[in-house]
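Colleague: To start, I am sharing the structure in question, which I have written as structure tokens.
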Amino acid sequence: MAITWEIKSFNKFSPEELYKIFNLRMAVFVVEQKAAYQDADGKDLKSDHIMGYNKTGDLIAYSRIIPAGIAFKEISIGRVVTSQQGRRTGAGRELMKKSIEFIEKKYGAVPIRIGAQCYLINFYSGFGFEVASGEYIEDCILHVEMLRSASKN
């Protein structure tokens, strides 16, 4: 699947781009996963956003890069999501690679911490993340913190 990637800060979004982002996040996290949560958490305003579009302009992959000191003491990748049509196409793996590459380019070799849904531990382990906390419930879903050390970058 051919994906066109864009990276923007929040203040560069058009209303249509914001709509597509919130639509994808709600479709997956709220509707599919049945997690009622406050999506507009203030972190978007300070983050960089990585968006992957298919050839028809549908947003199929998205993540946000949260600076250190906002979600965790380290830089974080959050709201990692692929649409149903983007799954099993490699879009999620490409999204994580783009996210890590962006962090390395902007911040250098730094540790990266994520809050991962437990069923995705193996997926994130493939990018050098290691479980760094016990399990906890967030938005009715079992999570763990995972850390990618600076030496893996």
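Read-outs: derived from the displayed coordinates by stated rules, not from any lab. Bear in mind the structure is a predicted one, so any value in this text is a computation, not a measurement. Every residue, glycine as well, gets a Cβ built from its backbone with ideal geometry; the counts of neighbours run over all protein chains shown.
Colleague: Spot the failing condition for Val81; the list is (1) within 24 Å of Leu18 (Cβ to Cβ); (2) within 13 Å of the chain's Cα centre (by Cα); (3) free of Cβ contacts under 8 Å to residues at least 40 places away in the same chain, and only one is missed.
Modeller: Only one criterion in (1) within 24 Å of Leu18 (Cβ to Cβ); (2) within 13 Å of the chain's Cα centre (by Cα); (3) free of Cβ contacts under 8 Å to residues at least 40 places away in the same chain is unmet by Val81, namely (3).
Table: residues versus (1) closer than 18 Å to Lys73 by Cβ; (2) part of a strand (DSSP E or B); (3) in contact with an Asp or Glu (Cβ under 8 Å, 6 or more places away or on another chain).
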| site | (1), (2), (3) |
| --- | --- |
| Glu101 | no, no, no |
| Lys105 | no, no, no |
| Phe123 | no, no, no |
| Ser133 | yes, no, yes |
| Glu145 | yes, yes, no |
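Colleague: Return yes or no: is Ser125 of a type in the set (S, T, N, Q), touching a strand residue (DSSP E or B) at 6+ places or on another chain (Cβ under 6 Å) and under 24 Å from Gln33 (Cα atoms)?
Modeller: For Ser125, the condition - of a type in the set (S, T, N, Q), touching a strand residue (DSSP E or B) at 6+ places or on another chain (Cβ under 6 Å) and under 24 Å from Gln33 (Cα atoms) - is not met.
Colleague: Something else: Does the range 85-101 include one or more residues that are polar (S, T, N, Q), exposed (fewer than 14 other Cβ atoms within 10 Å of the Cβ) and touching a residue at least 24 places away in the same chain (Cβ under 8 Å)?
Modeller: Checked the range 85-101: at least one residue is polar (S, T, N, Q), exposed (fewer than 14 other Cβ atoms within 10 Å of the Cβ) and touching a residue at least 24 places away in the same chain (Cβ under 8 Å).
Colleague: What number of residues in the range 10-59 are under 24 Å from Leu142 (Cβ atoms), of a type in the set (A, V, I, L, M, F, W, C) and buried (at least 16 other Cβ atoms within 10 Å of the Cβ)?
Modeller: 3
Colleague: For Ala109, only one of the following conditions fails: (1) within 15 Å of the chain's Cα centre (by Cα); (2) more than 24 Å from Met51 (Cβ to Cβ); (3) assigned to a loop (DSSP other than H, G, I, E, B). What is its number?
Modeller: (1)
Colleague: Quick check on this structure: which one of Ile70, Ile75, Ile7 is of a type in the set (Val, Ile, Thr), buried (at least 18 other Cβ atoms within 10 Å of the Cβ) and either closer than 22 Å to Phe127 by Cβ or in contact with a Cys (Cβ under 6 Å, 6 or more places away or on another chain) (or both)?
Modeller: Only one candidate passes the filter, namely Ile75.
Colleague: Here are the criteria: (1) closer than 28 Å to Leu142 by Cβ; (2) not in a loop (DSSP other than H, G, I, E, B). Tell me which single one Gly69 does not satisfy.
Modeller: (2)
Colleague: May I pose another question? Please identify the pairs in which a residue from the range 34-59 that is farther than 20 Å from Ser99 by Cα and touching a residue at least 60 places away in the same chain (Cβ under 8 Å) has its Cβ atom under 9 Å from the Cβ atom of a residue that is loosely packed, with under 11 Cβ neighbours inside 10 Å and not aromatic (Phe, Trp, Tyr), counting only partners at least 6 apart or on another chain.
Modeller: Listed pairs, sorted by first residue: Lys34/Cys140; Ala35/Cys140; Ala36/Cys140; Tyr37/Cys140.
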